[in-house]
Amino acid sequence: MRIEQRMKLWTCAVLLPLTAMSAHAGTWSVGLGAAVAPSPFVGAEDFQLQPIPFVAYESKKFNFAAGEAGFELFGGEQWSLELTGMIRFEGFDREQSTALSGFERRDPALDLGFNFGFETAFGMLEAQALVDVSGVHEGQEASLAWRVPLGSERVMVAPGAGVVWKSQALVDYYYGVRAQEATAEYAEYEGRAATNVFVSVLTTLQFSDRLWLLADLNVQQLDDPITSSPIVDVDHQVSGMVGLLYRFGGSDAPKWRKP
């Protein structure tokens, strides 16, 4: 990644939360958990549990958690339109995948866009559109998800399903094989737009007014333009996390609890 791109990525990632927090007093949540997100690339390790810190902030208009942030532009009792941003970590790690040690690094990116949520008696509909503003992959992503919260205020299980569309530029950057990287084993490959489908389950358990348990599981079926890449050796990804969280204030249900 060029120096100016890296500066732009991290400057935007830092200024967005700080700007919103300075304008709206809110509530913090902190905790510790573990996550598993195996890489789809060849030579990568299988399931490996990683300890992760959890820091979240929420106010009337602004929220962020797990590398994603949102600022509500418009909203009502059952719907909201947010300006949203996320840091995308989708590339391979050359240190973990020795088979790809000769490949160029695929950098993280900063994606910005809009998120629309609509709550009904039968569940929550969420539509999101993102575009790379850091000049890394220069692509776009759009997703549509439906989640159904079941249970009570103390215990909630929210199964869901959806689709994620990734543009040609995004797929080619992270999953393509460039001419200078091609070998007898890994032929040159140009990625195409892909549409993945997924199912998920979000579970929250409230022990007290301040202490929560959060667990999230996601299974995503990868589309052919991704699985056809010679550097990808799986056709699906299973990722999940579990964490114990302490919430410092607020009487409403935390926004990270919403399905």
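The values are calculated or read from the model by the stated rules, or taken from the named source; none is laboratory data. Please read all numbers here as calculations on a predicted model, not as lab measurements. Every residue, glycine among them, receives a Cβ derived from its backbone with ideal geometry; neighbour counts consider all protein chains shown.
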Original post:
Name the pairs: first residue in region 213-227 and farther than 16 Å from Arg192 by Cα, second residue among the basic types (Lys, Arg) and at pLDDT below 95, Cβ to Cβ under 9 Å, at least 6 apart or on different chains?
Top reply: Leu214/Arg257
Original post:
Which of the residues spanning region 42-80 are closer than 30 Å to Ala187 by Cβ, aliphatic (A, V, I, L, M) and either surrounded by fewer than 13 Cβ atoms within 10 Å (Cβ to Cβ) or modelled with pLDDT under 85 (or both)?
Top reply: Ala44
**OP:** Working only within region 163-178, note down all residues that are over 18 Å from the mean Cα position of the chain (by Cα), farther than 15 Å from Asp111 by Cα and of a type outside the set (Lys, Arg).
**Re:** Gln168, Asp172, Gly176, Val177
**OP:** Determine whether region 160-172 contains at least one residue that is farther than 23 Å from Asn63 by Cα, surrounded by 15 or more Cβ atoms within 10 Å (Cβ to Cβ), modelled with pLDDT of 95 or more and touching a helix residue (DSSP H, G or I) at 6+ places or on another chain (Cβ under 7 Å).
**Re:** yes
Subject >> Extreme residue, surrounded by the fewest Cβ atoms within 10 Å (Cβ to Cβ), among residues of region 217-242 that are part of a loop (DSSP other than H, G, I, E, B) and in contact with a helix residue (DSSP H, G or I) (Cβ under 8 Å, 6 or more places away or on another chain) >> reply: Asp235
**OP:** Scan region 135-164 for residues that are within 21 Å of Arg192 (Cβ to Cβ) and of a type outside the set (Gly, Ala, Ser) and jot them down.
**Re:** Val136, His137, Glu138, Gln140, Glu141, Leu144, Val163, Val164
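Conditions tested, residue by residue: (1) at pLDDT 95 or above; (2) among the small types (Gly, Ala, Ser).
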{"site": "Glu185", "(1), (2)": "no, no"}
{"site": "Leu214", "(1), (2)": "no, no"}
{"site": "Leu217", "(1), (2)": "yes, no"}
{"site": "Leu222", "(1), (2)": "yes, no"}
{"site": "Pro225", "(1), (2)": "yes, no"}
{"site": "Ser229", "(1), (2)": "yes, yes"}
{"site": "Val234", "(1), (2)": "no, no"}
{"site": "Ala253", "(1), (2)": "no, yes"}
**OP:** Look at region 120-136 and say how many of its residues are within 30 Å of Asp107 (Cβ to Cβ), more than 16 Å from the chain's Cα centre (by Cα) and either buried (at least 17 other Cβ atoms within 10 Å of the Cβ) or at pLDDT below 95 (or both).
**Re:** 2
**OP:** Taking the residues in region 187-216 that are outside any strand (DSSP E or B) and closer than 16 Å to Ala169 by Cα as candidates, determine which candidate is nearest to the chain's Cα centre (by Cα).
**Re:** Ala193
Original post:
Is it true that Glu95 is more than 20 Å from Asn63 (Cβ to Cβ), free of Cβ contacts under 8 Å to residues at least 40 places away in the same chain and in contact with a helix residue (DSSP H, G or I) (Cβ under 7 Å, 6 or more places away or on another chain)?
Top reply: no
Original post:
Would a scan of region 84-102 turn up a residue that is modelled with pLDDT of 90 or more, more than 30 Å from Arg178 (Cβ to Cβ) and either touching a Phe, Trp or Tyr at 6+ places or on another chain (Cβ under 7 Å) or crowded, with 19+ Cβ neighbours inside 10 Å (or both)?
Top reply: yes
Subject >> Candidate set: region 200-216, residues that are polar (S, T, N, Q) and under 24 Å from Gly162 (Cβ atoms); chosen: the one surrounded by the most Cβ atoms within 10 Å (Cβ to Cβ) >> reply: Thr204
